[in-house]
1. Ranked highest first by average number of other Cβ atoms within 10 Å, how do 103-110, 66-73, 52-59 line up?
2. How far apart, in nm, are two points set 7 Å out from the Cα along the Cα-to-Cβ line at T10 and at D106?
3. Measuring with a 1.4 Å probe in the full set of protein chains, what accessible area per residue, in whole Å², belongs to the stretch 1-61?
4. List residues of the stretch 92-127, by number, whose backbone nitrogen lies under 18 Å from a label position 7 Å along Cα→C-beta of R166.
5. Quick one: check the C-alpha center-to-center distance for the stretch 1-37 versus the stretch 93-140, whole angstrom.
6. Around Y58, which amide H atoms from residues at least 5 apart in sequence, or from another chain, sit under 5 Å from its own amide H, with H modelled in the peptide plane?
7. In the chain, what percent of the accessible surface is made up of carbon and sulfur (1.4 Å probe, ligands and nucleic acids excluded)?
8. Only bridges with both residues in the chain count here: give the DSSP antiparallel percent, nearest 5.
Amino acid sequence: KDTAYSCIVTLPEHIGTHVDAPIHTVEGGAMLEGVDIRRLIGDAVVFDLDRGGAHYGYTAADLEQADPGLEPGDIALLYSGFQDSRPDERMRQTFLTAGAAQWLVDRGAAAVGVEPCTPDPLYAGMYELGWTEKETPNPPAWPAHNILLGSGVYIIEGLTNLERLRGRRVRFAALP
């Protein structure tokens, strides 16, 4: 009956590059339509934090020593050299410690972009610390998410090709 054929595609919201809205981990936080997109467009600094594929938690000291430095209102993009794991191997991932997340908040970051699918240690959170449980035995669950999103610093996950920009200041846009 129709003049054109159309399909429906359904994807989980955490596939590929995406923005985490505060509701993701902050009870009562804004949903995606309530995100202030002005915080996702602007000057960005691309920290070169490559650790050669090591499983590593960035500290406030690591970010403090990164060049170029973060200015208030900047979007912080973290180049880590992250490589996705194969299905038969454990993911090695860089992540933000609670201290590093707080450092970004205290320095006035507008948003934070990472290459892995999360700024928190995913494997440990899911399989060792019980962070997927409502009454987790190891609180607080997802500390980097909660510190950043709870302070209005949006998270952009699953970035690619940051090696081309590492160590530079750039204009950046992440429109969900």
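The values are calculated or read from the model by the stated rules, or taken from the named source; none is laboratory data. This structure is a prediction, so every number in the text was calculated from the model and none was measured. Because the Cβ atoms are built from the backbone with ideal geometry, glycine has one as well, and the counts that use them run over all protein chains shown. Each accessible area value is taken on the protein alone, full model and side chains, heavy atoms only, with ligands, DNA and RNA left out. Shrake-Rupley method; radii C 1.70, N 1.55, O 1.52, S 1.80 Å.
1. Packing order, densest peptide first, comes out as 103-110, 52-59, 66-73.
2. Modelled inter-label distance: 4.6 nm.
3. The answer is 71 Å² per residue.
4. Backbone N within reach: 92-96, 113-117.
5. So the two Cα centres are separated by 21 Å.
6. The answer is F95, L96, T97.
7. Carbon and sulfur atoms account for 51 percent of the accessible area of the chain.
8. 35
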